Amino acid sequence: MTPLLLSAVSLLALTACEKKAAKPPPPPPQTAEFITVSPRAVHVTTELPGRISSYEIAMVRPQVNGVIQKRLFTEGTDVVAGQQLYQIDPRVYQAAYDSASGQLAQAKANAFTARAKFERYGPLVKAHAVSKQEYDDARAASDAADAQVLIAKGQVENAAVNLNYTQVRAPITGRIGRSLQTVGALVATGQAANLSVITRLDPIYVDVNLPAVSLLRLREEVASGRIQTGDDKSAPVSLKMEDGTTYKDPGKIQFNEVNVDQATATVVVRAVFPNPDHLLLPGMYVHASLDEGINPDAILVPQQALFRNTRAEPEVMVLDSDNKASIRNVTTGPAHGTDWIITDGLKPGDRVVVTGLQKIHPGDKVNPQPYSEDTSAPADRK
């Protein structure tokens, strides 16, 4: 190989090695849209999902045994407390009442005779016309006769109660459902089956669930005056129906009438609403909205900016001064439109990533762009 050819081969080999050792240029930073956190005054409301439940409900059941003779109401109508609903055959109980009344009359007659004899023996024992033993026997017979009168009176009252129970009456005022027993049916005291069910619909309860920590926040706002309450410590609340419409009449929430579920750490809060038109029915799913007043320094971020870690804790991605991304835990308050109110974890001036979350990771340097709500699309981080 000639020197010239050898030099050419060496040059080509050196050039190939240099090309092989060269590293590719780093990829450009991913573009991410962000917002700069700035506090502002917002009108805060809390949405509380819940179910409607009856204000009062009564299971109508027989108090005596017998055959139903009559049904005296129209199914699905309103009834008032004390209104007769059914008639159970009263003949057996009428006979028992008559017999008890006769026994009472006989006991009173015996008591009269015994009392008269005892009163006659009073002067006689002083005159030694009768013995002291006879006088004591007369007094004991009089007392025993009086006791028999009391026993007979009790039997008459018991028979009267049973006779009255043959007229099955409404225990409360409300809307009665269908009759579960027909005329001719044999019913018995203590049976598990109802004759019918009466439900009071006006007013009506709305039972809502919220975390116990939220209840503490609401109580603090009541104490500070942000939530206005009445003399009974109740706060006004509005109701949104399942179809999205707003119920016309406002209700009120009693903050002191709650139970804490130890398994879920949630609180059952009961709201009371007027229901004159019976539009609200037990079992309906609704949303109660509690007006919390004005928060002058609320920090808001779009809902798509939040994601949750494996412990279901809310987090956001923030940018530092070098445009590097990092994750920060936050605490959320109630929703405000399409935003979350952040109660802890962010401060004014923080830059929060809104879009592009699925393309960046903690420590990445990004190309930040101002968030444009019109062109954004929700982004979920897995």
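The values are calculated or read from the model by the stated rules, or taken from the named source; none is laboratory data. Here the structure is a predicted model, which means the values were calculated and not measured. Note: ideal-geometry Cβ built from the backbone for every residue, glycine included; neighbour counts use all protein chains shown. Each accessible area value is taken on the protein alone, full model and side chains, heavy atoms only, with ligands, DNA and RNA left out. Shrake-Rupley method; radii C 1.70, N 1.55, O 1.52, S 1.80 Å.
If you check VAL149, VAL130 for being at negative phi, open to solvent by less than 50 Å² (accessible area, probe 1.4 Å) and not in a helix (DSSP H, G or I), only one passes: VAL130.
Applying the selection to the stretch 282-303, what residues are open to solvent by less than 50 Å² (accessible area, probe 1.4 Å) and under 20 Å from PRO348 (Cβ atoms)? Across the stretch 282-303, the qualifying residues are ASN295, ALA298, ILE299, LEU300, VAL301, PRO302. For the stretch 14-70, a residue qualifies if it is assigned to a loop (DSSP other than H, G, I, E, B) and either aromatic (Phe, Trp, Tyr) or at pLDDT below 75 (or both), and the qualifying residues are ALA22, LYS23, PRO24, PRO25, PRO26, PRO27, TYR55. Just the residues that are open to solvent by less than 70 Å² (accessible area, probe 1.4 Å), under 24 Å from PRO368 (Cβ atoms) and free of Cβ contacts under 8 Å to residues at least 40 places away in the same chain, please, taken from the stretch 304-326. Across the stretch 304-326, the qualifying residues are LEU306, ASN309, PRO314, GLU315, VAL316, VAL318, ASP320, SER326. The one condition from (1) surrounded by fewer than 16 Cβ atoms within 10 Å (Cβ to Cβ); (2) of a type in the set (Lys, Arg); (3) within 46 Å of the chain's Cα centre (by Cα) that ARG120 does not meet is (3).
Being open to solvent by 50 Å² or more (accessible area, probe 1.4 Å), in contact with a helix residue (DSSP H, G or I) (Cβ under 8 Å, 6 or more places away or on another chain) and at negative phi is a description that applies to GLN94.
Looking at this structure, is HIS278 within 20 Å of VAL208 (Cα to Cα), surrounded by 15 or more Cβ atoms within 10 Å (Cβ to Cβ) and in contact (Cβ under 8 Å) with a residue 60 or more places away in the chain? When the stated conditions are applied, HIS278 does not pass them.
Among the residues of this structure, ALA263 does not count as one that is in a loop (DSSP other than H, G, I, E, B), open to solvent by less than 70 Å² (accessible area, probe 1.4 Å) and not basic (Lys, Arg).
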